[in-house]
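Participant: First the structure, which I've put down as structure tokens, then a few questions once you've had a look.
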Amino acid sequence: MFPFDRLVRSVDEMLGRKMIDGAIVAQIGDGRYEPQHMAFDRYLAKPEYDQRIIEATMLVGHAGAGTIALALKHRKPLLVVPRLKRYNEHVNDHQIVTARKYEELGYVLVAYEMQDIPAKLKALTTFSPRNREARPQDMACRIGRYLETLLPP
């Protein structure tokens with residue numbers, strides 16, 4: 001949805017320098033950087049986007065909860081790169097926390113620095129995300145406990 005020029009540029013430059021290989025297709029949104037070494041679309045309609053996800057062997061994206069949920073839904077290995085406040089990619093660094101948690105749970109691989117991408121992509125070829133089971137009752141209990149803390153004593 002939002003551009004992530006730092007990631008798009010890094011992957012594109014790595015392709016150009018032959019640090020990584022393979023057929024990579026990027027959705028770049030309103031990003032200023034246009035890739036020179038990989039196919040890209042600015043935006044895809046949902047049916048086409050969904051089809052690309054289904055056909056993909058692995059995914060690379062930011063560490064947003066929606067991106068992670070999509071990869072897990074389709075059982076696709078996902079490499080996440082957190083958007084960072086210092087690059088004006090987000091309002092804070094919450095994606096680092098999200099990335100760490102999902103990495104600890106075995107759902108994703110994470111590249112915290114751009115230079116980590118080639119090694120992480122290689123690892124992604126044999127990475128199998130842990131099965132994620134929805135537990136709505138657990139979530140409802142946690143929400144209930146939190147709401148109880150809001151009640152006056």
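Participant: Please go through the range 87-103 and pick out each residue that is at pLDDT 95 or above and either open to solvent by less than 60 Å² (accessible area, probe 1.4 Å) or of a type in the set (K, R) (or both).
Facilitator: Hits for the range 87-103 are Q95, I96, T98, A99, R100, K101, Y102.
Participant: In addition: How about the range 76-86: which of its residues are surrounded by 13 or more Cβ atoms within 10 Å (Cβ to Cβ), over 10 Å from the mean Cα position of the chain (by Cα) and of a type in the set (K, R)?
Facilitator: Once the filter is applied, which keeps residues that are surrounded by 13 or more Cβ atoms within 10 Å (Cβ to Cβ), over 10 Å from the mean Cα position of the chain (by Cα) and of a type in the set (K, R), the range 76-86 yields K76, K85.
Residue-by-condition table, conditions (1) within 21 Å of K120 (Cα to Cα); (2) at pLDDT 95 or above:
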site: M1; (1), (2): no, no
site: E13; (1), (2): yes, yes
site: G16; (1), (2): yes, yes
site: G22; (1), (2): yes, no
site: M38; (1), (2): yes, yes
site: V60; (1), (2): yes, yes
site: T67; (1), (2): yes, no
site: K76; (1), (2): yes, yes
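Participant: Separate question: Hey, can you tell me all the residues within the range 86-124 that are part of a loop (DSSP other than H, G, I, E, B) and either small (G, A, S) or closer than 16 Å to G61 by Cβ (or both)?
Facilitator: E89, H90, G106, Y107, V108, A111, Y112
Participant: Another question about this same structure. Take the residues of the range 111-153 that are touching a strand residue (DSSP E or B) at 6+ places or on another chain (Cβ under 6 Å) and closer than 19 Å to K73 by Cβ: which is least open to solvent (accessible area, probe 1.4 Å)?
Facilitator: L124
The values are calculated or read from the model by the stated rules, or taken from the named source; none is laboratory data. From a predicted model like this one, the values you see are computed outputs, not experimental measurements. Heads up, the Cβs are rebuilt from the backbone with ideal geometry, glycines too, and the neighbour counts pull from every protein chain shown. To get the accessible areas, we keep the full protein, side chains included, count just its heavy atoms, and leave off ligands, DNA and RNA. Shrake-Rupley method; radii C 1.70, N 1.55, O 1.52, S 1.80 Å.
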